[in-house]
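Chemist: The structure under discussion is supplied below as structure tokens; questions concerning it will follow.
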Amino acid sequence: MDKAKTKKQYNSNTILLFITIALFIVLYAGGCVAYGSKGFTHFQTFLNILITNAGLICVTCGMTCVMLTGGIDISVGALIAMDCMLLAVGMKNGMGAVPMIIIILLIGAVFGIFQGFLVGYLEIQPFIVSMAGMFFCRGMTAVICTDQVSITQEISPTFYAWANAKIVLPFGGYTNNKGKYMAPYVRPAVIVALLVLVVIFILLRYTKFGRSLYAVGGSEQSAAMMGLNVKMIKMKAYMLSSFLCSIGGICYCLNTMAGSVSQATGLEMDAISSAVIGGTLLTGGVGNVIGSFFGVLINGTISSIVKTNGKLASSWPNILTAMLLFIFIVIQSIFAAIRERKKA
Amino acid sequence: MENNVVLRARGISMTFPGVKALDNVQLTLRKGEIHALMGENGAGKSTLIKCLTGINDFEAGEIHIDGINGTIKNHSTRDAQNVGISTVYQEVNLCPNLSVAENLFIGREPLTKLHTIDRKSYNSRSQKIMDELGISVDVTQNLENYSLAIQQMVAIARAVDMECKVLILDEPTSSLDDEEVEKLFKLMRKLKEKGVGILFVTHFLEQVYAVCDRITVLRNGTFVGEYPISELPRVKLVAAMMGKYLNDLESIHKENKDFTNAPMEISAKGLSHTGTVKPFDLDIHKGEVVGVAGLLGSGRSELARAIYGADKANTGTLEVDGKPVKINQPIDAMNKGMGMLPDDRKAEGIIADLSVRENIILALQAKRGMFKLLSRAKQEEIADRYIDLVQIKTASRETLIKQLSGGNQQKVILARWLATDPDFLILDEPTRGIDIGTKSEIQKLIIKLAGEGKSVLFISSEIEEMLRTSNRMIIMRDGEKVGELDRELSQEGVMHAIAGGEG
Ligand SMILES: Nc1ncnc2c1ncn2[C@@H]1O[C@H](COP(=O)(O)OP(=O)(O)OP(=O)(O)O)[C@@H](O)[C@H]1O
Ligand SMILES: [Mg+2]
């Protein structure tokens, strides 16, 4: 006695995604209206958000994968600090940029496999595992070097060139008040981040592994009973997170051009909050990287607005993010309630 | 191995901490037969199945499967699938957050040339599978949007769609309606013709006699015997399962009382909940048992939920004990002396990591409020009383509920609601998954409660058991109360009314 559904229904997750995107547009449009005179309307402002957050985009993609399984990875901020420090110190000691990057990616993958092994095979709480990972990476960063190490042109001309390369876009420029044409540009890190985004989007939507992440998050027991290798899937998720985090670390380093112990503190929370604002549930099984991407953009827009204003204290982004998170969690639970209601 | 045997297990023994769940059990499954695995709750049926499929690690015994030399030992459902054993477990094991189609294909998705998932192909194949089963669902919708019965059918469809030599169905019919059961049987017969060996567990004896060729009986973890169906009539089967003779059909007698002058317990006028149940009137007298009949999805449960405040009523009024009451949520109903055993026990009932005792006193504690804790001694006393009353087979009252067999978990939830000692008790499928012996005990219990002046609203897909206990029956169709039957309740009468004849 079930009613055939004739009308195409959007499920509530799709609606949540639309809300996230709409929120970004509203926020951004608000910024344009309020600070249009200060250049907020320029396309470059948007591109700057991407440039500043390239690393965070990569990290959030990985975080989303882990959160889909119902887990969490709070080691990412510290791992980035370690990556940056290794890059800086390694290149200072004469290593080339490319070998260093390969080393860092390898370290990321191995570190992820280790964390994933503890979570998947030894069934230790992800929070505990990645907290230990966090302490380890921060500690290691300090062991490598306690001072701030800058990456200058002398240390690595290649890396320096990448950091300063401008990829000029053929559209969206403006003429400044001195009459000079300002072409919009992005940095190489942005290209990397967008590639990561596309790859992870495809991975989550169109591959067996991607779908199994959702299955594990939906019900671990069921996934096992349906014949999925849950332990392996979890391990791979953490590996992916740390690996993407290392890619993000390189992007991050291209922005900061330095290694320091206190770098990227709290970045894991930015990643988690972006994912949550993007519609990823902490309980697992629901979410996607497009949402997470917009989550990052929303966070970036808030910072950008506060920066453009110039008078607000720098703690305002935190407060606004907190409010947004709150609003999102309320919206999510309303949807969950509606879904419960409809089920009957 | 003889050439018509597809699976043979011998000397299987398995111990859980403190419980010898299986002791030297054997099973022989032949090609193209439907083989019933029977036994009381906790006899070890699911445990045996999980030994076959690699979820349980048995200590002794060997398993042979057709086409493989030597013994096999599976370590996961995946291994079992690889040797051709496809299983529907007792608990529905699917992912609610994935679409119906994904639930059918996850882990074995068709791939495109680029090694990505071929969504189009599996969506259309899924739609075909479900259509062939005669179940109208939109396979691209998430599974959580559908009822338990449909989820069960999806689990079955998934198992059946895999190429398998052995199909294991552990109580697949417990949340199905007659109509779906018939669909399942048709499917099983078709597979049987193709030579698949099917192992079928159920507590509905009629179903055994409707489809099975052979029966293996377990009792308390031991093998009692294997019989062709013709040699084991119903009475003998029950005796083999219980170890004693029981005439389950005749030991129940309800009183035929006239309730017209009895005081009213519940009086609902125009109660409704948008989208699930249309406005209905319902009077229930003290001491009366009222059955609710109707097909799955006819609004049986929803009617009860509207009274109980599980779905807040949008219209209408409700009187309890002659006084108008306002019920916004279940706790209000509980404080007015109601109790309700919900039908979706997994989602709304069992708290897996609490003990049997804690699960039993849960509702009673909620009713008393957080600050009036029941003393430990009192809790133990209540737990022991109900363990005894509904015959829960458990190592101790402190055993975690998840370690109980499926049927015994059901009994714990039933005990939870009995323990609140309600004046008005709603029982939604109280005997689902419960063995034949306990089933008749529960029916007797209902009559006994009514004798004490309590009122019961009894919802069940088994019309017979309602006939045996109810004084009156109401008929639901498409979310609407379409009629009441009081005198001369009969199976045909009720069926006719459900199907749409004059109520
Ligand atoms: N995980 C577990 N830990 C401890 N004991 C268990 C566990 N699973 C089952 N048991 C015990 O093993 C025995 C057999 O249980 P099983 O689930 O096989 O029964 P069943 O025949 O399937 O019963 P039902 O008809 O109720 O499903 C029971 O006594 C049960 O308490
Ligand atoms: Mg069982």
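The values are calculated or read from the model by the stated rules, or taken from the named source; none is laboratory data. These figures come from a predicted structure and were not determined experimentally. Cβ: placed from backbone, ideal geometry, glycine included. Neighbour counts: every protein chain shown.
Chemist: Identify the residue in the range B:454-464 that is outside any strand (DSSP E or B) and in contact with a strand residue (DSSP E or B) (Cβ under 8 Å, 6 or more places away or on another chain) and, among all such residues, is modelled with the lowest pLDDT. Please lay out each step first, then the result.
Modeler: Taking the range B:454-464 and keeping what is outside any strand (DSSP E or B), we get B:454, B:460-464.
Subset that is in contact with a strand residue (DSSP E or B) (Cβ under 8 Å, 6 or more places away or on another chain): B:454, B:460, B:463.
On the way: B:Lys454: 89, B:Ser460: 88, B:Ile463: 83.
Among those residues, the one meeting the criterion is B:Ile463.
Chemist: Just name the residue that is farthest from the chain's Cα centre (by Cα) out of those in the range B:125-142 that are farther than 16 Å from B:Gly297 by Cα and within 11 Å of chain A (Cβ to nearest Cβ). Quick ask: steps written out before the conclusion?
Modeler: Step one: list which residues in the range B:125-142 are farther than 16 Å from B:Gly297 by Cα, which gives B:125-133, B:138-142.
If we keep only those that are within 11 Å of chain A (Cβ to nearest Cβ) as well, we get B:130-131, B:138-142.
On the way: B:Met130: 22, B:Asp131: 25, B:Asp138: 25, B:Val139: 24, B:Thr140: 27, B:Gln141: 25, B:Asn142: 23 Å.
Applying the filter and picking the extreme gives B:Thr140.
Chemist: Quick check on B:Asp57: is it under 24 Å from B:Gly197 (Cα atoms), in contact with a strand residue (DSSP E or B) (Cβ under 9 Å, 6 or more places away or on another chain) and within 16 Å of ligand 1 (Cβ to nearest atom)? Before you say what the answer is, go through the steps one by one.
Modeler: On the way: under 24 Å from B:Gly197 (Cα atoms): yes; in contact with a strand residue (DSSP E or B) (Cβ under 9 Å, 6 or more places away or on another chain): yes; within 16 Å of ligand 1 (Cβ to nearest atom): yes.
Spelling it out, B:Asp57 is indeed under 24 Å from B:Gly197 (Cα atoms), in contact with a strand residue (DSSP E or B) (Cβ under 9 Å, 6 or more places away or on another chain) and within 16 Å of ligand 1 (Cβ to nearest atom).
Chemist: Let me ask something else. Here's a check for you: in the range A:179-190, which residue that is in contact with a Gly (Cβ under 8 Å, 6 or more places away or on another chain) and of a type outside the set (A, V, I, L, M, F, W, C) is farthest from the other protein chains (Cβ to nearest Cβ)?
Modeler: In this case the residue turns out to be A:Tyr181.
Chemist: Among the residues in the range B:323-332, are any crowded, with 18+ Cβ neighbours inside 10 Å, away from chain A (no Cβ under 13 Å) and among the β-branched types (Val, Ile, Thr)? Walk me through it before giving the result.
Modeler: Going through the range B:323-332, the residues crowded, with 18+ Cβ neighbours inside 10 Å turn out to be B:327, B:330.
Those still in the list that are away from chain A (no Cβ under 13 Å) too: B:327, B:330.
This time we only want the ones that are among the β-branched types (Val, Ile, Thr), so: B:327.
Scanning the range B:323-332 turns up at least one residue that is crowded, with 18+ Cβ neighbours inside 10 Å, away from chain A (no Cβ under 13 Å) and among the β-branched types (Val, Ile, Thr).
Chemist: Out of the residues in the range B:173-219 that are basic (Lys, Arg) and in contact (Cβ under 8 Å) with a residue 12 or more places away in the chain, state the one that is nearest to ligand 1 (Cβ to nearest atom). Let's see the steps before the verdict.
Modeler: Going through the range B:173-219, the residues basic (Lys, Arg) turn out to be B:183, B:186, B:189-190, B:192, B:194, B:214, B:219.
Next, only the ones that are in contact (Cβ under 8 Å) with a residue 12 or more places away in the chain stay: B:183, B:189, B:192, B:194, B:214, B:219.
On the way: B:Lys183: 23, B:Arg189: 24, B:Lys192: 23, B:Lys194: 27, B:Arg214: 18, B:Arg219: 10 Å.
Checked the range B:173-219; the qualifying residue nearest to ligand 1 (Cβ to nearest atom) is B:Arg219.
Chemist: Looking at the range B:94-108, is at least one residue within 16 Å of ligand 1 (Cβ to nearest atom) and modelled with pLDDT of 85 or more?
Modeler: Start the filter on the range B:94-108 by keeping residues that are within 16 Å of ligand 1 (Cβ to nearest atom), which leaves none.
No, the range B:94-108 contains no residue that is within 16 Å of ligand 1 (Cβ to nearest atom) and modelled with pLDDT of 85 or more.
Results for (1) within 14 Å of chain B (Cβ to nearest Cβ); (2) part of a helix (DSSP H, G or I); (3) modelled with pLDDT of 90 or more, shown as yes or no for each residue.
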residue	(1), (2), (3)
A:Ala161	no, yes, yes
A:Asn177	no, no, no
A:Val192	no, yes, yes
A:Val198	yes, yes, yes
A:Arg205	yes, yes, yes
A:Ser212	yes, yes, yes
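Chemist: Which residues, counting only those in the range B:259-279, are surrounded by 21 or more Cβ atoms within 10 Å (Cβ to Cβ) and over 15 Å from B:Gly309 (Cα atoms)?
Modeler: Of the range B:259-279, the ones surrounded by 21 or more Cβ atoms within 10 Å (Cβ to Cβ) are B:265-266, B:268, B:271-273, B:277.
Within the range B:259-279, B:Glu265 is the sole residue that qualifies.
Chemist: Okay, moving on. Identify, by number, the condition in (1) among the aliphatic types (A, V, I, L, M); (2) assigned to a helix (DSSP H, G or I); (3) farther than 23 Å from A:Glu220 by Cα that B:Ile156 doesn't meet.
Modeler: (3)
Chemist: Mind checking whether some residue in the range B:101-112 is surrounded by fewer than 22 Cβ atoms within 10 Å (Cβ to Cβ), under 27 Å from the mean Cα position of the chain (by Cα) and among the polar types (S, T, N, Q)?
Modeler: Scanning the range B:101-112, I find no residue that is surrounded by fewer than 22 Cβ atoms within 10 Å (Cβ to Cβ), under 27 Å from the mean Cα position of the chain (by Cα) and among the polar types (S, T, N, Q), so the answer is no.
Chemist: Would you confirm whether any residue within the range B:191-199 is away from ligand 2 (no atom under 16 Å from the Cβ), over 30 Å from B:Ile498 (Cβ atoms) and in a strand (DSSP E or B)?
Modeler: yes
Chemist: Within the group A:Ile101, A:Ile124, which residue is without any contact (Cβ under 8 Å) to a residue 40 or more places away in the chain and surrounded by 14 or more Cβ atoms within 10 Å (Cβ to Cβ)? Lay out the reasoning, then the answer.
Modeler: Values: A:Ile101 fails: without any contact (Cβ under 8 Å) to a residue 40 or more places away in the chain.
Within the list A:Ile101, A:Ile124, the selection yields A:Ile124.
Chemist: Of B:Asp161, B:Asp178, B:Asp170, which residue is within 16 Å of ligand 2 (Cβ to nearest atom), among the charged types (D, E, K, R) and within 14 Å of chain A (Cβ to nearest Cβ)?
Modeler: Numbers: B:Asp161 fails: within 16 Å of ligand 2 (Cβ to nearest atom); B:Asp178 fails: within 16 Å of ligand 2 (Cβ to nearest atom).
Sole residue among the options that is within 16 Å of ligand 2 (Cβ to nearest atom), among the charged types (D, E, K, R) and within 14 Å of chain A (Cβ to nearest Cβ): B:Asp170.
Chemist: Now for a different question. Sort out which residues of the range B:396-411 are more than 6 Å from ligand 1 (Cβ to nearest atom) and surrounded by fewer than 23 Cβ atoms within 10 Å (Cβ to Cβ), and write them in order of number. Give the steps one after another, and end with the answer.
Modeler: So the first thing to find is which residues in the range B:396-411 are more than 6 Å from ligand 1 (Cβ to nearest atom), and the list is B:396-402, B:409-411.
If the condition is that a residue be more than 6 Å from ligand 1 (Cβ to nearest atom) and surrounded by fewer than 23 Cβ atoms within 10 Å (Cβ to Cβ), then B:Ser396, B:Arg397, B:Glu398, B:Thr399, B:Leu400, B:Lys402 are the ones that fit.
Chemist: A further question on this structure: Identify all residues within the range A:218-246 that are assigned to a helix (DSSP H, G or I) and facing chain B (nearest Cβ under 7 Å); write none if there are none.
Modeler: At the first step, the residues of the range A:218-246 found to be assigned to a helix (DSSP H, G or I) are A:218, A:220-225, A:230-246.
Selection gives A:Gly218, A:Gln221, A:Ser222, A:Ala223, A:Ala224, A:Met225.
Chemist: Kindly state which helices (runs of 4 or more DSSP H) lie completely within the range B:340-453 and contain at least 3 residues that are more than 16 Å from ligand 2 (Cβ to nearest atom) and away from chain A (no Cβ under 14 Å).
Modeler: Values: elements: B:345-348, B:356-368, B:376-389, B:406-419, B:436-451.
Passing ranges, in order: B:356-368, B:376-389, B:406-419, B:436-451.
Chemist: B:Asp170 fails exactly one of the following numbered conditions: (1) free of Cβ contacts under 8 Å to residues at least 24 places away in the same chain; (2) crowded, with 16+ Cβ neighbours inside 10 Å. What is the number of that condition?
Modeler: If we test B:Asp170 against (1) free of Cβ contacts under 8 Å to residues at least 24 places away in the same chain; (2) crowded, with 16+ Cβ neighbours inside 10 Å, just (1) comes out false.
Chemist: Another one. Every residue in the range B:202-217 that is within 10 Å of B:His35 (Cβ to Cβ) and assigned to a strand (DSSP E or B), please.
Modeler: Scanning the range B:202-217 gives B:Arg214, B:Ile215, B:Thr216.
Chemist: If you don't mind, another one. Suppose we filter the range A:67-98 for residues that are under 19 Å from the mean Cα position of the chain (by Cα) and without any contact (Cβ under 8 Å) to a residue 24 or more places away in the chain; how many remain?
Modeler: So the count comes out to 0.
Chemist: Here's something else I'd like to know. What are the pairs, 6+ residues apart or on separate chains, where a residue within the range A:317-344 that is among the aromatic types (Phe, Trp, Tyr) has its Cβ under 6 Å from a residue that is modelled with pLDDT under 80?
Modeler: Listed pairs, sorted by first residue: A:Phe335/A:Ser12.
Chemist: Follow-up. Would you confirm whether or not the range B:286-306 contains a residue that is within 14 Å of another protein chain (Cβ to nearest Cβ), surrounded by 15 or more Cβ atoms within 10 Å (Cβ to Cβ) and assigned to a strand (DSSP E or B)?
Modeler: So in the range B:286-306, the residues within 14 Å of another protein chain (Cβ to nearest Cβ) come out as B:293-306.
When the remaining residues are screened for being surrounded by 15 or more Cβ atoms within 10 Å (Cβ to Cβ), the result is B:293-306.
This time we only want the ones that are assigned to a strand (DSSP E or B), so: B:293.
There is at least one residue in the range B:286-306 that is within 14 Å of another protein chain (Cβ to nearest Cβ), surrounded by 15 or more Cβ atoms within 10 Å (Cβ to Cβ) and assigned to a strand (DSSP E or B).
Chemist: In addition: Tell me, please, whether a residue that is small (Gly, Ala, Ser), in the same structural domain as B:Thr216 (by TED's automatic domain parsing), farther than 24 Å from B:Val201 by Cα and modelled with pLDDT under 90 can be found in the range B:114-137. Walk me through it before giving the result.
Modeler: Within the range B:114-137, the subset small (Gly, Ala, Ser) is B:121, B:124, B:126, B:134, B:136.
Now narrow it down to the ones that are in the same structural domain as B:Thr216 (by TED's automatic domain parsing): B:121, B:124, B:126, B:134, B:136.
With farther than 24 Å from B:Val201 by Cα added as a condition, the list becomes B:121, B:124, B:126, B:136.
Within this subset, residues satisfying the condition of being modelled with pLDDT under 90 are B:136.
Among the residues of the range B:114-137, at least one is small (Gly, Ala, Ser), in the same structural domain as B:Thr216 (by TED's automatic domain parsing), farther than 24 Å from B:Val201 by Cα and modelled with pLDDT under 90, which makes the answer yes.
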